[in-house]
Amino acid sequence: MKNPWWIKRENKPIDPFSQRAKFQQFYQSTKWQRTRLIKLLESPLCELCLASGITSPAYHVDHKVPLAEDYSKRLDFDNLQSLDHSCHSKKTKQEGHNKKMREIEGYMSWLSDFN
């Protein structure tokens with residue numbers, strides 16, 4: 001349940017050594033901002049839409065291989081794609097679903113070790 005507007009929710013401090021903090025720091029970096037801008041200038045249209053013959057402006061630069069899977073590819077142009085909001089949302093949702101499925105499969109595998 002969402003807190004009413006008059007109750008302030010305290011934000012948990014972010015562990016500076018956590019993966020999330022590392023990613024936040026990266027996305028705020030000058031290197032990423034420049035890389036993102038160059039990618040959008042080179043590919044101003046959504047690459048997934050273009051593959052389907054649809055022309056839609058891109059607003060997001062997405063990592064094909066997520067940072068959590070291979071951080072070394074964070075600035076690799078071959079790992080970047082320009083996406084519109086809709087395609088980016090769908091991809092992000094699918095990645096979250098895939099992560100949950102991998103966690104469930106790992107848990108089921110762990111349980112099967114006891115049988």
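Annotations
- Pairwise Lys count, segment 31-112 - Cα closer than 19 Å, eight or more residues apart or different chains: 17
- A protection proxy built from the mean count of other Cβ atoms within 10 Å ranks the segments 50-57, 80-87, most packed first, as 80-87, 50-57.
- Percentage of interatomic Cα-Cα distances in segment 31-112 larger than 22 Å: 35 percent
- Mean separation of Cα contacts under 8 Å (6+ apart) over length of segment 31-112, as relative contact order %: 29 percent
- Candidates per GluC sites (Glu not before Pro) in segment 22-101, loop by DSSP, up to 15 other Cβ within 10 Å: Glu69
- Within segment 29-84, the trypsin sites (Lys or Arg not before Pro) that combine a DSSP coil assignment with at most 15 other C-beta atoms in a 10 angstrom radius are Lys64.
- Among the chymotrypsin sites (Phe, Trp or Tyr not before Pro) in segment 15-115, those located in a DSSP loop and surrounded by at most 15 other Cβ atoms within 10 Å of their own Cβ are Phe17, Tyr59, Phe114.
Throughout, read-outs are computed from the coordinates displayed, never taken from laboratory work. Bear in mind the structure is a predicted one, so any value in this text is a computation, not a measurement. Using ideal geometry, Cβ is built from the backbone for each residue, glycine included, and neighbour counts are taken over all protein chains shown.
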